[in-house]
Amino acid sequence: LNNRAARGFTAAALFCLLLIPATGRAQDTPTRAWLSRLEAAANKMDIAVLKANSAPGVEPSFQWASMPPGMMGPKLPWKVKWLEVPDNGPAFVAFTKYHPCESSADHLYRTVRTEEGFRLGEEIPETDTLGTRVRHHKLTVRFDVPAQQVYLTDRVTVEMQPHQEQRCILRINEVYKVTAVTSEGKPVPYRQAGGFLWLPTPQSVHATFDLAYHGGIKGGAEDYFRPNQAALTSYWYPHTGRLPATCEVKVTAPKGWTGIAQGEPQGKSVTPQGVTSSWKNDLPVCYFTVAIGKYTVTTQKVGNVSVSAYLLHPSKARAQQAISSAGNAIQWFSKNLSKYPYSRYAVVETDVFPAALECYSFTLAGRSLIPMAIVHEVAHTWWGGVVPNTYTRTLWNESFAEYSDGLYGRMTRQGGMHEFNTQMMSTVGFPPVSLMEANDAMNMGHSLIGYGKGSLVLENLERMLGTPKMLACMRTFIARHKPGEDAEWRDFIDAVEETAGKEWRHFFPAWLNRTDQPALRLSDVKSSREGDKFVVTGTVVQNDPAFWVQVPVVVNTAAGEKRTEIAVKSTSQPFRIELTSKPSEVLLDPKREALRASSKGGPQPTLLSFVTASDPVLAVYATGGSAQETAAAKAVATEQAKEVLSFAKISVKADDDCTEADLAGSNLLLIGRPESLRLPANWRDLLPVTFSDQGLGVGSRQWKGADLWSIAVFPHPSREKGLVAHVAGASPEALRNFRHQRDLDSLKGLFVVKGAGKALLQEPARTNDATVVVLQP
Ligand SMILES: [Zn+2]
């Protein structure tokens, strides 16, 4: 075994070829052809083949194999390897590749021996530690810059926890090759299959292993070597479940370079190999980073924290900007969340890493992201540092860092980059993944949900609780946290319940578990007079189960607008707004401040969008009224429609000739009174204007006169992005005025018109999202 260890990785990679036949256990290894078949299937995203290679009775998920490549990092193929476990078979199959930062990579499957040979069993999820917890690292890192190699050792302390299987299988980025393992000075057998390292199960609760390993890192942006800078950011240390651990790191850089690792500095020494600096992080965290570079270091005290800028492109102004952004944010979060856990913080510049990365006592930040991203990264000292996240379940800490960035900006007027707002999210859309599922920071959909939706859900909670209580909830979340463990959304929910009261638990399920947004509507809106006051009452309604959401309601009055915020906590939330001047219109969240579903993404239903649409239009004329009305409707369809709708290809049909398919197939111009249109009742119900021989009406508003006519534009009920316009007259003669549109305000969608084009009413279209209610004049 000693010999095997000494032969190094080349031998380790050949274990299944050489060693196993030698021990006479050839029947316990799969054929190379089978592993190649799995590898090809994974790289072709061929889940059917992976499923076909699973044992009868097990249905492992291979969802990972269909995931798109991440937003950064090299796009590398899967490798499939056999992980032998000499102490306790059967062995495992490893699907392995480079593990990008805060993303996912390796998958470990059990195997089952069948009559046809080996088959895949269940996956061991990364969250299952098999009873092994890594508690402490004592790392040395030596960068060989010219050779683009990094040499590491780690004295890793493991704690064995009760588990029905209890194995010691550590994970480490597959670019690292383990070359020796000892324990208390004695060689220890080991097996490596890409990102998995099997070690013998320790017989005591605590044990230490000394690992030697190295990696060649070429061309990457997350782990990188350049002539003046290098860093390791991605799982360059052994772990299980990416769970928190403390660490000591000695980093050796070439002479003239500066190294930095997490925690407090422990001194420096110059050796023939270079400059070694020592660091110690007593705060257990999930994510370690080490960087070296030819930095120019500037340091200032901000409060009692030494804040430094490590710049590759030195500039007094940029150093000052970096130091004050970080220093001020540290002071504010320290005061409002909990005491900052270190004596120092550094902003470390990189030209290679394409983003900014939280390192808790420092940030590794892309050149263009200084100082923009610093507040977010400083917030991670609490959300990820003091309270760690593994990134194996959710991105809760990204929601909190992004939210805290926005909160800090609002409270202090000092900008971070809080890039997500409700309008933007409504435009970009919501990928179909919930906050409880999004866990991969490098997946575009997951990150839109984790950073974007998550931060806005917290903003919504802050609006409902008030900022002081929200801050108190976050302080409780931190205070309740047990150092050494990770945290999840449920821990924050417990903190909110403890701080704000039991009912606040109900805030979370809809936001965390669902992928849709609340579809809020106004209902039952009325205005009345009470003495010298005007009162608007109504209800904000939504489908069951209800989202909790703070939503503004704006009432337009003769004297301007009045904005009221309503806390919606049920499917039907009544409101009452008192006013001193006469209200004309009630609007639900007109500026889209609340996170809510948008009306169907089609064009705004205005007269302009209808008459300028290039989609085909079917003109449908009513035949159910008098002969004169039918003649007038047909004339509008055949003669006037072409004139008015100059961009569209127009076809004409009588109402009773139309099939449902005709109605669904194009934009529609419906001509004639609702009761004369021989269309299914659900179509007639969409028409907002009612007619009598004396005149016409919209809701309770009535106008008298045989020369009145109307146009109403609204979204097509079944055709995506389609529009419908309805035109009708109090008399056939009135209808023939359809062509007189020149004086109408074409940005409106609902019109009552007199004679040859005088508008009596023009207002926004009725849309089926029911967020605007026009009050009776
Ligand atoms: Zn972040």
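The values are calculated or read from the model by the stated rules, or taken from the named source; none is laboratory data. Predicted model, so just to flag it, every value in this text is computed and none were measured. Cβ sites come from the backbone with ideal geometry, for glycine too, and all protein chains shown count toward neighbours. Surface accessibility is based on the protein's heavy atoms, side chains included, excluding ligands, DNA and RNA. Shrake-Rupley method; radii C 1.70, N 1.55, O 1.52, S 1.80 Å.
Would the stretch 375-389 turn up any residue that is surrounded by fewer than 18 Cβ atoms within 10 Å (Cβ to Cβ), part of a loop (DSSP other than H, G, I, E, B) and either more than 14 Å from the ligand (Cβ to nearest atom) or under 26 Å from the mean Cα position of the chain (by Cα) (or both)? Steps first, please.
Step one: list which residues in the stretch 375-389 are surrounded by fewer than 18 Cβ atoms within 10 Å (Cβ to Cβ), which gives none.
No.
Scan the strands (runs of 3 or more DSSP E) fully inside the stretch 522-603 and keep the ones with 2 or more residues being within 30 Å of Val724 (Cβ to Cβ). Write out each step before concluding.
On the way: elements: 533-541, 549-557, 560-568, 572-579, 583-588.
Output list reads 533-541, 549-557, 583-588.
Find the residue count for the stretch 255-288, including only residues that are of a type outside the set (S, T, N, Q) and touching a Lys or Arg at 6+ places or on another chain (Cβ under 7 Å).
Start the filter on the stretch 255-288 by keeping residues that are of a type outside the set (S, T, N, Q), which leaves 255-257, 259-261, 263-265, 267-268, 270, 272, 274-275, 279-280, 282-288.
Adding the requirement that they be touching a Lys or Arg at 6+ places or on another chain (Cβ under 7 Å) leaves 256-257, 263-264, 274-275, 286.
Total meeting the criteria: 7.
The set of residues from the stretch 574-583 being within 14 Å of Leu522 (Cα to Cα) and open to solvent by 40 Å² or more (accessible area, probe 1.4 Å) comprises Pro574, Arg576.
Quick check on my filter: what residues within the stretch 379-408 are touching a Pro at 6+ places or on another chain (Cβ under 9 Å) and of a type in the set (Ser, Thr, Tyr)? Scanning the stretch 379-408 gives Thr381, Thr390, Thr392. With respect to the conditions (1) more than 20 Å from Thr515 (Cβ to Cβ); (2) within 11 Å of the ligand (Cβ to nearest atom); (3) touching a strand residue (DSSP E or B) at 6+ places or on another chain (Cβ under 9 Å), Asp405 lacks only one, and its number is (3).
I'd like to verify a number: residues in the stretch 535-555 that are over 16 Å from Ala594 (Cα atoms) and either at pLDDT 95 or above or open to solvent by 40 Å² or more (accessible area, probe 1.4 Å) (or both), how many?
Residues in the stretch 535-555 being over 16 Å from Ala594 (Cα atoms) and either at pLDDT 95 or above or open to solvent by 40 Å² or more (accessible area, probe 1.4 Å) (or both): 8 in total.
With respect to the conditions (1) on the phi > 0 side of the Ramachandran plot; (2) touching a residue at least 12 places away in the same chain (Cβ under 8 Å); (3) open to solvent by 10 Å² or more (accessible area, probe 1.4 Å); (4) out of contact with any Pro (no Cβ under 8 Å at 6 or more places or on another chain), Gly219 falls short on a single one, namely (4).
If we scan the stretch 156-169, do we find a residue that is under 23 Å from Phe362 (Cα atoms) and either part of a loop (DSSP other than H, G, I, E, B) or touching a strand residue (DSSP E or B) at 6+ places or on another chain (Cβ under 9 Å) (or both)?
Just the residues of the stretch 156-169 that are under 23 Å from Phe362 (Cα atoms), to begin with: none.
No, that holds for no residue.
Taken over the stretch 710-734, the criterion of being within 15 Å of Glu675 (Cα to Cα) and not small (Gly, Ala, Ser) is satisfied by His726, Val727, Pro732. Regarding Glu349, is this residue away from the ligand (no atom under 16 Å from the Cβ), free of Cβ contacts under 8 Å to residues at least 60 places away in the same chain and not in a loop (DSSP other than H, G, I, E, B)? Yes, satisfied.
Kindly provide the set of residues from the stretch 102-125 that are surrounded by fewer than 22 Cβ atoms within 10 Å (Cβ to Cβ) and assigned to a loop (DSSP other than H, G, I, E, B), ordered by number. Matches in the stretch 102-125: Ser104, Glu115, Glu116, Pro125. Looking at the structure I just gave you, is Leu395 more than 11 Å from the ligand (Cβ to nearest atom) and in contact (Cβ under 8 Å) with a residue 12 or more places away in the chain? When the stated conditions are applied, Leu395 does not pass them. Would you check if Glu437 is open to solvent by 20 Å² or more (accessible area, probe 1.4 Å) and either touching a residue at least 12 places away in the same chain (Cβ under 8 Å) or within 14 Å of the ligand (Cβ to nearest atom) (or both)? The answer is yes for Glu437. Considering Ser343, Ser278, Ser306, Ser315, the condition of being more than 29 Å from Thr140 (Cα to Cα) and hydroxyl-bearing (Ser, Thr, Tyr) is satisfied by Ser315 alone.
Tell me the strands (runs of 3 or more DSSP E) entirely within the stretch 211-308 that contain at least 1 residues that are at pLDDT 95 or above and within 25 Å of Lys482 (Cα to Cα). Per the criteria, 245-253, 264-271, 274-285. When the criteria are applied in full, Gly409 meets the requirement of being of a type outside the set (S, T, N, Q) and surrounded by fewer than 19 Cβ atoms within 10 Å (Cβ to Cβ).
Tell me, which helices (runs of 4 or more DSSP H) lie completely within the stretch 396-503 with 2 or more residues that are in contact with a Ser or Thr (Cβ under 9 Å, 6 or more places away or on another chain)?
Values: elements: 396-412, 422-428, 444-447, 454-465, 467-480, 489-500.
Answer list for the stretch 396-503: 396-412, 422-428, 454-465, 467-480, 489-500.
Of the numbered criteria (1) within 11 Å of the ligand (Cβ to nearest atom); (2) open to solvent by 20 Å² or more (accessible area, probe 1.4 Å); (3) within 19 Å of Met411 (Cβ to Cβ), the one Pro371 fails is (1). Of all the numbered requirements in (1) open to solvent by less than 70 Å² (accessible area, probe 1.4 Å); (2) part of a loop (DSSP other than H, G, I, E, B), Val49 misses one, and that requirement is (2). Phe420 meets all of the listed conditions (1) of a type in the set (Phe, Trp, Tyr); (2) modelled with pLDDT of 95 or more; (3) within 14 Å of the ligand (Cβ to nearest atom) but one, namely (2).
Looking only at the stretch 390-406, which residues are open to solvent by 20 Å² or more (accessible area, probe 1.4 Å) and either at pLDDT below 95 or touching a Gly at 6+ places or on another chain (Cβ under 8 Å) (or both)?
So the first thing to find is which residues in the stretch 390-406 are open to solvent by 20 Å² or more (accessible area, probe 1.4 Å), and the list is 392-393.
Within the stretch 390-406, Thr392 is the sole residue that qualifies.
Asn173 fulfils the conditions (1) over 24 Å from Asn389 (Cβ atoms); (2) assigned to a loop (DSSP other than H, G, I, E, B); (3) in contact with a His (Cβ under 9 Å, 6 or more places away or on another chain) except for a single criterion, (1). Take Ser343 and decide whether it is touching a residue at least 24 places away in the same chain (Cβ under 8 Å), closer than 30 Å to Ser434 by Cα, away from the ligand (no atom under 15 Å from the Cβ) and surrounded by fewer than 24 Cβ atoms within 10 Å (Cβ to Cβ). Considered against the rule, which asks whether it is touching a residue at least 24 places away in the same chain (Cβ under 8 Å), closer than 30 Å to Ser434 by Cα, away from the ligand (no atom under 15 Å from the Cβ) and surrounded by fewer than 24 Cβ atoms within 10 Å (Cβ to Cβ), Ser343 comes out as no.
Could you tell me which residue of the stretch 604-658 is least open to solvent (accessible area, probe 1.4 Å), considering only residues that are among the aromatic types (Phe, Trp, Tyr) and not in a loop (DSSP other than H, G, I, E, B)? Filtering the stretch 604-658 for residues that are among the aromatic types (Phe, Trp, Tyr) and not in a loop (DSSP other than H, G, I, E, B), the one least open to solvent (accessible area, probe 1.4 Å) comes out as Phe610. Evaluating Ala765 against the criteria (1) in contact with a Gly (Cβ under 6 Å, 6 or more places away or on another chain); (2) in a helix (DSSP H, G or I) leaves one unmet condition, (2).
Conditions (1) modelled with pLDDT under 90; (2) in contact with a Phe, Trp or Tyr (Cβ under 8 Å, 6 or more places away or on another chain), marked per residue:
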site	(1), (2)
Val698	yes, no
Gly705	no, no
Trp709	no, yes
Ala712	no, yes
Ser718	yes, no
Gly722	yes, no
Pro732	no, no
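Might you let me know whether the stretch 448-466 holds any residue that is away from the ligand (no atom under 14 Å from the Cβ), open to solvent by 20 Å² or more (accessible area, probe 1.4 Å) and among the polar types (S, T, N, Q)? No: zero hits.
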